[in-house]
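*Asks:* Before I ask anything, let me first share the structure, which is written out below as structure tokens.
Bear in mind these aren't lab numbers, they're just calculated from the coordinates by the rules spelled out. None of the values given here were measured: they were computed from a predicted structure. Every residue, glycine as well, gets a Cβ built from its backbone with ideal geometry; the counts of neighbours run over all protein chains shown.
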Amino acid sequence: MDAIRPYAQRDRERVRQICLKNADCLYAPEDTKKYILLMYCDYYIEQEPENCFVAVDDNDNAVGYIICAQDYEKYEKTFREKYLPQADAISSKRFVEARLDLLSHAMFKSLYPAHFHIDIDEAYQRKGFGSLLISTLRMHLKARDLGGMMMVCGADNQQAINFYKKNGFKTLLTTKVGRAMALDFDAESA
Ligand SMILES: CC(C)(COP(=O)(O)OP(=O)(O)OC[C@H]1O[C@@H](n2cnc3c(N)ncnc32)[C@H](O)[C@@H]1OP(=O)(O)O)[C@@H](O)C(=O)NCCC(=O)NCCS
């Protein structure tokens, strides 16, 4: 069985659970969970499932994902109309971080219209799934004539920073809370 395949509707709950688990929110209050899913998951799997891929175990169950918005302008319009108002209704200490992420994407949208989130279930980390998901999305976006992709990770998430560097990403911007990084598809290291 292939380790990576396109996202399918049946993956929805597993993907949402991995998102919550990696945000350390599996047992958080319902409002917090809803906020995390609105900010980091639901838009992508609901609005752009064709740009989402999962890593699966031997039983074809999702154990990791990469979820992508191909065009920041389209993402921002739909996100601001349908998702942000619901998130805004929930008070959260993560509010400022989430807004700074959006700002970083907006700053680099002309160079990197595509952005993504990636998460691997803890039991399956460091087995190469994350790198396979990156190369799968890279090929998918390249076939759609995009020249690169970006993401923002926590400024202190050394595990993720190591991972992105290893996969050829360069740093675009570092703030107190986040580091924006990008992969150029035609760069030699990519
Ligand atoms: C970051 C993440 C997506 C990487 O996926 P992965 O499948 O574990 O990574 P791969 O096996 O493809 O690549 C491994 C490389 O990533 C980095 N890495 C992964 N886990 C690491 C850890 N615990 N500590 C330090 N570096 C780590 C290293 O560079 C590692 O290479 P090495 O094993 O030669 O040192 C995954 O570990 C994850 O989901 N982490 C928790 C959530 C997260 O940080 N998501 C990204 C938010 S922006």
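*Asks:* Explain nothing, just the number: dipole magnitude of the chain about its Cα centre with +1 on each Lys and Arg Cβ and -1 on each Asp and Glu Cβ, in debye rounded to the nearest 20. Kindly include the intermediate steps, with their values, before the conclusion.
*Replies:* Numbers: 26 positive and 28 negative charges, 84 e Å.
In total the dipole reaches around 400 debye.
*Asks:* Moving on to the next point. What is the percent of Cα-Cα separations in the chain that go past 23 Å?
*Replies:* Beyond 23 Å sits 39 percent of the P(r) for the chain.
*Asks:* Determine the sum of side-chain charges near Pro49: Lys and Arg each +1, Asp and Glu each -1, restricted to other residues whose C-beta is under 10 angstrom from that of Pro49. Spell out each step's value before the answer.
*Replies:* Numbers: positive: Arg12; negative: Asp11, Glu46, Glu48, Glu50.
Once positives and negatives cancel, what remains is -3.
*Asks:* Collect residues whose amide H, placed 1.01 Å from N in the peptide plane, falls under 5 Å from the amide H of Val63; neighbours closer than 5 in sequence don't count.
*Replies:* HN-HN under 5 Å from Val63: Ala55, Val56, Asp57.
*Asks:* I'd like the Karplus ³J(HN,Hα) series for the range 168-173: coefficients 6.51, -1.76, 1.60, θ = phi - 60°, whole numbers in Hz, and an x wherever there's a Gly or Pro.
*Replies:* These are the phi-based 3J(HN,Hα) values: x, 7, 10, 7, 9, 6 Hz.
*Asks:* So what is the relative contact order of the range 4-184, in percent, for Cα pairs below 8 Å that sit 6 or more residues apart?
*Replies:* Over the range 4-184, the number comes to 21 percent.
*Asks:* Please identify, among Glu73, Glu48, Glu30, the residue showing maximal mean-square fluctuation in a Gaussian network model of the chain using a 10 angstrom Cα cutoff.
*Replies:* Result for the chain, Cα springs under 10 Å: Glu30 fluctuates most.
*Asks:* Same structure again: Determine ³J(HN,Hα), in whole Hz, for all residues of the range 133-147 in sequence, where each value follows from phi through the Karplus function 6.51 cos²θ - 1.76 cosθ + 1.60 and θ = phi - 60°; x replaces Gly and Pro.
*Replies:* Along the range 133-147, the couplings run 5, 4, 5, 5, 5, 4, 5, 4, 6, 4, 5, 9, 6, 8, x Hz.
*Asks:* Could you give the longest part of the chain that holds none of the trypsin sites (Lys or Arg not before Pro) found in DSSP loops with at most 14 neighbouring Cβ atoms within 10 Å?
*Replies:* Between exposed loop sites, the widest span is 1-92.
*Asks:* Further question on the same structure: Enumerate the amide H contacts of Phe108 below 5 Å, restricted to partners 5 or more residues apart or on another chain; note that Pro and chain-start residues carry no placed amide H.
*Replies:* none
*Asks:* Also, I was wondering about something else. Using the Karplus curve 6.51 cos²θ - 1.76 cosθ + 1.60 with θ = phi - 60°, what ³J(HN,Hα) values do you get for each residue of the range 26-37, in whole Hz, with x for Gly and Pro?
*Replies:* Each residue of the range 26-37 in turn: 4, 10, 6, x, 3, 4, 5, 4, 4, 4, 4, 5 Hz.
*Asks:* Still on this structure, please answer the following. Give me the aspartates and glutamates in straight-line cross-link reach of Lys165: C-alpha distance below 15 Å, same-chain residues under 8 apart excluded.
*Replies:* Asp156, Asp184, Glu188
*Asks:* Shifting gears a bit: For a footprinting-style exposure proxy, rank Met107, Met139, Met149 by other Cβ within 10 Å, fewest first.
*Replies:* With the sparsest Cβ surroundings first, the list reads Met139, Met107, Met149.
*Asks:* Name every cysteine in the chain that ends up alone, with no second cysteine's Cβ under 4.7 Å, or say none.
*Replies:* For the chain, the answer is Cys25, Cys52, Cys68, Cys153, because their Cβ atoms have no other cysteine Cβ under 4.7 Å.
*Asks:* Something else: Quick one: order Leu111, Leu133 by neighbouring beta-carbon count within 10 Å, fewest to most.
*Replies:* On the way: Leu111 12, Leu133 25.
Ranking Leu111, Leu133 by Cβ neighbours within 10 Å, fewest first, gives Leu111, Leu133.
*Asks:* Next question. Sum -39500 (n - 2.57) across every DSSP H segment of at least 4 residues in the chain, then divide by the residue count to get the 222 nm mean residue ellipticity, nearest 500. Let's see the in-between values first.
*Replies:* Details: 8 runs with 77 residues, N = 190.
So the calculated ellipticity at 222 nm is -11500 deg cm²/dmol.
*Asks:* Who wins for biggest fluctuation among Ala160, Ala123, Ala62 in a Gaussian network model of the chain, springs between alpha carbons below 10 Å?
*Replies:* Result: Ala123 has the largest fluctuation of those listed.
*Asks:* Still on this structure: In the chain, what % of DSSP beta bridges are antiparallel (nearest 5)?
*Replies:* Of the beta bridges lying entirely in the chain, close to 95 percent run antiparallel.
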